[in-house]
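Everything on this sheet refers to the single structure shown next.
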Amino acid sequence: MSIYTKKGDSGKTSLMDGISVSKSDDRIELLGTIDELNSSIGLAKVIADHPLYDELARRQQELMQMMSGIADPRNPDHRFSKEETLILEEGIDHMESLFPRIKDSVLYGGCEQSARLDMARAVARRAERRFRKAAVNYGADPKAMQYLNRLSDYLYVAARYADYLVSAQEAQTS
């Protein structure tokens, strides 16, 4: 089977439930942004040590679930539970307990890992805005929207923790 179907040549695509929509539809824009977020997390993941590598892989799986829920909103198997967000919050709390977080403005790019995580965080924020727009027009899973908000917080704290680890390592060697 070929990767191309030629069905999108007219500017239309189909959601999982078979509904044909314009490629400029808010839901398609949202799906594309979440796909970009997933790719950005993958870029951060490839240089991550364990356990961050495993955590980022888990976030990618959860984003795939979110995309399925957007493309097939009537399928309850794709809905988020409160548990996914609680796990993210626990991860944030744990990371924040490992280092003194700077309260001042942050200049991004303290190290390669944090720069990649900050890029993913910026895409997550854009996805949040697109999610809200799609939710207003078509409805959405509120727990998935909450998860996405918390994911951007998680990525922010992970980036600051990466900066901290590099600065602590540099302090030891000097």
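Below, the figures for the structure above:
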read-out: Qualifying positions in the stretch 51-72 - open to solvent by 80 Å² or more (accessible area, probe 1.4 Å), hydrophobic (A, V, I, L, M, F, W, C) and either at pLDDT below 95 or not in a helix (DSSP H, G or I) (or both); value: none
read-out: Some residue of the stretch 12-19 being among the hydrophobic types (A, V, I, L, M, F, W, C), free of Cβ contacts under 8 Å to residues at least 40 places away in the same chain and under 19 Å from Ala140 (Cβ atoms); value: yes
read-out: Residues satisfying the stated conditions in the stretch 73-121, i.e. within 26 Å of Asn137 (Cα to Cα) and surrounded by 13 or more Cβ atoms within 10 Å (Cβ to Cβ); value: Pro73, His78, Arg79, Phe80, Glu84, Thr85, Ala120, Arg121
read-out: Test: residue in the stretch 31-50 that is outside any loop (DSSP other than H, G, I, E, B), acidic (Asp, Glu) and in contact (Cβ under 8 Å) with a residue 24 or more places away in the chain; value: yes
read-out: Residue match in the stretch 157-170 (condition: at pLDDT below 95 and open to solvent by 90 Å² or more (accessible area, probe 1.4 Å)); value: yes
read-out: Residue that is surrounded by 13 or more Cβ atoms within 10 Å (Cβ to Cβ), small (Gly, Ala, Ser) and closer than 30 Å to Asp17 by Cβ, where the choices are Ala124, Ala48; value: Ala124
read-out: Those residues of the stretch 90-100 which are within 14 Å of Tyr156 (Cα to Cα) and under 22 Å from the mean Cα position of the chain (by Cα), in sequence order; value: Gly91, Ile92, Asp93, His94, Met95, Glu96
read-out: Among residues of the stretch 6-45, those that are β-branched (Val, Ile, Thr) and either over 23 Å from Gly69 (Cα atoms) or open to solvent by less than 30 Å² (accessible area, probe 1.4 Å) (or both), counted; value: 4
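The values are calculated or read from the model by the stated rules, or taken from the named source; none is laboratory data. All figures in this text were calculated on a predicted structure; none of them were measured in a lab. Quick reminder, even Gly has a Cβ in these numbers, built from the backbone with ideal geometry, and neighbours come from all protein chains shown. Heads up: the accessible areas ignore ligands, DNA and RNA and are worked out on the full protein's heavy atoms, side chains in. Shrake-Rupley method; radii C 1.70, N 1.55, O 1.52, S 1.80 Å.
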